[in-house]
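**Q** The structure's right below; bear with me while I get my questions together.
The values are calculated or read from the model by the stated rules, or taken from the named source; none is laboratory data. If you're wondering where the values come from, they're calculated on a predicted model, not measured in any experiment. Cβ: placed from backbone, ideal geometry, glycine included. Neighbour counts: every protein chain shown.
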Amino acid sequence: MQITLLTSSFPRHADDDAGIFIARLAQAYSKVGHSGFIVVPRDADEPLDANFEGFIVKRFAYGIFSKGALAFGAGMMPNLRRNPALIFQAPGLVWQMARTALRNTQNISIIHANWTLPLLAAFLVHTRSKLPYIATVRGEDLRLLQNPFARAILRPAYERAQAITSVNEEFCTQLKSYFPRKAASIFFIPNGVELQSTTAQEKEAFASKYKLPPKKLLLFLGTLIPRKAVEVLIEALKIPALSDFHLALCGRAEDALYLERLRGIAADVKQRVHFTGPIAPREVPAALGAASYYVTASQFEGRPNSVLEALAAGKIVLASSIKEHAEIIKDGANGFLFECAATLAERIAELECNQDRRSEVAREAVASVQGYSWIACAEAYSGLLNAAH
């Protein structure tokens with residue numbers, strides 16, 4: 001089937017992590033027999049047209065006096081919270097995305113829109129071409145829909161979709177309450193997780209590159225933004241039980257004020273807190289291999305891919321006690337949930353004294369994600385695409 005993927009984020013180069021799971025979905029789509037177009041905003045100097053796994057990537061500029069600054073970086077909603085004036089770029093992004101998609105409708109059977117503004121673009125394309133579309137709701141989309149005014153504006157676009165999907169089961173429940181007329185067409189489809197194996201040499205090379213210790217390492221992967229509550233991880237490092245641990249914070253820091261705040265909090269343990277900056281997706285297996293534990297204190301998520309990848313790597317995951325983590329982490333079985341820095345430190349200290357318990361949880365971690373793959377994800381979407389077109 002020929003499909004068009006509309007997305008506000010997609011890798012800009014081979015080592016880019018922006019929208020990496022959309023790229024992995026596109027790869028899986030290709031493997032199950034689909035092709036078509038990927039329509040995404042242009043961020044900097046990427047080529048307007050490119051080939052990707054059987055798809056043609058179409059990029060477009062959308063700013064009034066520039067290529068646009070709403071997409072990429074920390075993400076649309078964080079960008080808007082930091083600079084509300086960027087809202088004036090939203091109509092241009094939606095219009096140019098719809099315009100680009102309309103120019104490339106030849107042989108296209110259906111549109112798959114990811115995130116809110118691409119959904120609006122799909123709605124515009126549908127009104128002109130009658131092409132059907134499905135919509136995938138991710139973390140920030142749900143936060144937006146919690147606002148009744150935003151929900152009223154977006155209702156026509158959601159209700160015209162042939163199907164609505166989410167990567168989170170709880171989100172699906174909320175979506176059914178927001179759009180009861182679409183309840184029968186709302187589906188849970190989790191992202192896939194596939195992790196390449198890594199060698200001891202690759203782990204050592206990663207640790208050496210970023211000056212990390214060979215053991216006693218806590219790892220966090222993700223953008224350093226306030227909702228990730230990275231300060232909780234740093235505070236845990238100050239607790240005596242973790243006095244011999246280091247913390248690697250691997251990710252982009254798009255919020256300069258927040259990064260400055262984190263550095264201030266880490267001042268008295270700065271020798272043990274490592275701000276690596278962004279790492280390439282190909283380095284993730286080595287990063288996980290080098291870590292003793294994977295930790296996250298995020299206060300809101302969709303379905304965190306980094307947690308799934310950590311489980312697949314057999315890492316013991318300690319995650320903040322929020323619903324989105326509780327869908328993945330069964331406390332005490334395949335990982336652990338914590339309420340604050342003190343309980344995080346306490347749990348790690350307990351595990352350090354019990355090798356058998358660590359091994360048991362690591363085995364359960366791997367087993368808990370055995371059913372997830374990007375091929376299974378693409379096949380699930382394919383069922384909806386086939387039914388919708």
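**Q** Among what's in segment 252-274 and is without any contact (Cβ under 8 Å) to a residue 40 or more places away in the chain and not in a helix (DSSP H, G or I), pick the residue that is surrounded by the fewest Cβ atoms within 10 Å (Cβ to Cβ). Walk me through it before giving the result.
**A** Taking segment 252-274 first, the residues without any contact (Cβ under 8 Å) to a residue 40 or more places away in the chain are 253, 256-273.
Imposing the further condition that a residue be not in a helix (DSSP H, G or I) reduces the set to 253, 266, 273.
Values: Ala253: 19, Ala266: 23, Val273: 21.
My answer is Ala253.
**Q** I'd like the full set of residues that are in contact with a strand residue (DSSP E or B) (Cβ under 7 Å, 6 or more places away or on another chain), more than 18 Å from Met1 (Cα to Cα) and of a type in the set (A, V, I, L, M), limited to segment 87-134.
**A** Result: Leu93, Met97, Leu119, Ala121, Val125.
Okay, residues lined up against (1) more than 24 Å from Asn305 (Cβ to Cβ); (2) out of contact with any Leu (no Cβ under 9 Å at 6 or more places or on another chain); (3) without any contact (Cβ under 8 Å) to a residue 60 or more places away in the chain:
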site: Ala207; (1), (2), (3): no, no, no
site: Pro213; (1), (2), (3): yes, yes, yes
site: Lys216; (1), (2), (3): yes, no, no
site: Thr223; (1), (2), (3): no, yes, no
site: Lys228; (1), (2), (3): no, yes, no
site: Ile239; (1), (2), (3): yes, no, no
site: Ser243; (1), (2), (3): yes, no, yes
site: His246; (1), (2), (3): no, no, yes
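**Q** Quick test for you: out of Ala378, Ala319, Ala333, pick the one residue that is touching an Asp or Glu at 6+ places or on another chain (Cβ under 6 Å) and modelled with pLDDT of 95 or more.
**A** Ala333
**Q** Might you check whether a residue that is surrounded by fewer than 18 Cβ atoms within 10 Å (Cβ to Cβ) and among the hydrophobic types (A, V, I, L, M, F, W, C) occurs anywhere in segment 101-112?
**A** The answer is yes; a qualifying residue exists.
**Q** Another question, then. Filter segment 333-349 down to the residues that are acidic (Asp, Glu) and touching a helix residue (DSSP H, G or I) at 6+ places or on another chain (Cβ under 8 Å) and list them by number. Full working, then the answer.
**A** Pass one, segment 333-349, residues acidic (Asp, Glu): 339, 346.
Hit for segment 333-349 is Glu346, nothing else.
**Q** Quick one: which of Phe220, Phe206 is part of a strand (DSSP E or B) and either buried (at least 17 other Cβ atoms within 10 Å of the Cβ) or hydroxyl-bearing (Ser, Thr, Tyr) (or both)? Even if it seems obvious, please write down each step before you answer.
**A** Values: Phe206 fails: part of a strand (DSSP E or B).
Answer to the selection: Phe220.
**Q** Another question, if that's okay. Against the condition surrounded by 19 or more Cβ atoms within 10 Å (Cβ to Cβ), in contact (Cβ under 8 Å) with a residue 24 or more places away in the chain and not assigned by TED's automatic domain parsing to the domain that holds Ile265, how does Phe179 come out, does it pass?
**A** yes
**Q** Inside segment 329-357, can you point out the residues that are exposed (fewer than 15 other Cβ atoms within 10 Å of the Cβ) and assigned to a helix (DSSP H, G or I)?
**A** Those that are exposed (fewer than 15 other Cβ atoms within 10 Å of the Cβ) and assigned to a helix (DSSP H, G or I): Ala342, Ala349, Glu350, Gln355, Asp356, Arg357.
**Q** Of the residues that sit in segment 275-294 and are in a helix (DSSP H, G or I) and hydrophobic (A, V, I, L, M, F, W, C), which one is surrounded by the most Cβ atoms within 10 Å (Cβ to Cβ)?
**A** Ala287
**Q** Filter segment 151-165 down to the residues that are without any contact (Cβ under 8 Å) to a residue 60 or more places away in the chain, surrounded by 14 or more Cβ atoms within 10 Å (Cβ to Cβ) and small (Gly, Ala, Ser), then identify the one that is nearest to Ile329 (Cα to Cα). Let's see the steps before the verdict.
**A** Within segment 151-165, the first condition is being without any contact (Cβ under 8 Å) to a residue 60 or more places away in the chain, and the residues that meet it are 151-161, 164.
Now restrict to residues that are surrounded by 14 or more Cβ atoms within 10 Å (Cβ to Cβ): 151, 154-155, 157-158, 160-161, 164.
With the extra rule that they be small (Gly, Ala, Ser), the set shrinks to 157, 161.
Details: Ala157: 33, Ala161: 32 Å.
Restricting to residues being without any contact (Cβ under 8 Å) to a residue 60 or more places away in the chain, surrounded by 14 or more Cβ atoms within 10 Å (Cβ to Cβ) and small (Gly, Ala, Ser), the top hit is Ala161.
**Q** Being crowded, with 17+ Cβ neighbours inside 10 Å and touching a helix residue (DSSP H, G or I) at 6+ places or on another chain (Cβ under 6 Å) is the filter; apply it to segment 42-70 and report the residue that is farthest from Leu120 (Cα to Cα).
**A** Phe55
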